[in-house]
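Peer 1: Submitted below is the structure of interest, expressed as structure tokens.
The values are calculated or read from the model by the stated rules, or taken from the named source; none is laboratory data. Computed from a predicted structure; not experimentally measured. Quick reminder, even Gly has a Cβ in these numbers, built from the backbone with ideal geometry, and neighbours come from all protein chains shown.
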Amino acid sequence: MVSRRQFLVISGSIGSAALALGLLPKWADGETLVPQDGPVGSFEVSHSDAEWHALLSDEQFQVLRREATERPYSSPLNDEHRTGTFACAGCQLPLFASTTKFDSHTGWPSFWAPLDNATAVRTDTSFGVLRKEVHCRRCGGHLGHVFTDGPKPTGLRYCMNGLAMTFAGAGA
């Protein structure tokens, strides 16, 4: 049986080989994948790239607007265990309650369910793998992916980029 970590290493190797053959989009800086276009659709909150750059850090812009992925185990939100709410770093829409957060041992903040009317999902076929990509439903910001290997009660694992979110403790 292959562990999730082994699968990620194998998938990364396959993706690297496909990238070298020119089958996948090019890496922007060796760390983050930057697609040719941003999220599709129209959203309640929208800005030009220049406005997003003014509102977000460079790293947040790459994740939220260019669908990059932060390095695993790099987010302080992995260690956030207080009661509160995780919100979109782009538009501050509340996304996840802390009561749905769990340690998936993947290196990214993980949740078993979003708040009602918080996220939108679309199919992602990058790296030759079929995945469900999660976006903020209000601004279209890329948050991460959802997988079907999570805990009860939903069986889902919303694997989110910490850079895509902020945290507000209860009563804050």
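Peer 1: Are there any pairs, at least 6 apart or on different chains, whose C-beta atoms fall under 6 Å, with the first in the range 61-80 and farther than 13 Å from L143 by Cβ and among the acidic types (D, E) and the second surrounded by 14 or more Cβ atoms within 10 Å (Cβ to Cβ) and at pLDDT 95 or above, and if so, which?
Peer 2: E80/F167
Peer 1: Please give the strands (runs of 3 or more DSSP E) falling wholly within the range 71-150 in which 3 or more residues are under 16 Å from M165 (Cβ atoms). Steps first, please.
Peer 2: Details: elements: 84-88, 94-97, 119-124, 131-136, 142-147.
Correct list: 84-88, 94-97, 131-136, 142-147.
Peer 1: So in the range 114-172, with the set limited to residues that are closer than 16 Å to S104 by Cβ and of a type in the set (V, I, T), which one is surrounded by the fewest Cβ atoms within 10 Å (Cβ to Cβ)?
Peer 2: Per the criteria, the residue is T148.
Peer 1: Might you let me know whether the range 68-77 holds any residue that is modelled with pLDDT of 95 or more and within 19 Å of L115 (Cβ to Cβ)?
Peer 2: yes
Peer 1: Which number in (1) within 27 Å of E51 (Cα to Cα); (2) in contact (Cβ under 8 Å) with a residue 24 or more places away in the chain marks the one condition that V146 misses?
Peer 2: For V146, the exception is condition (1).
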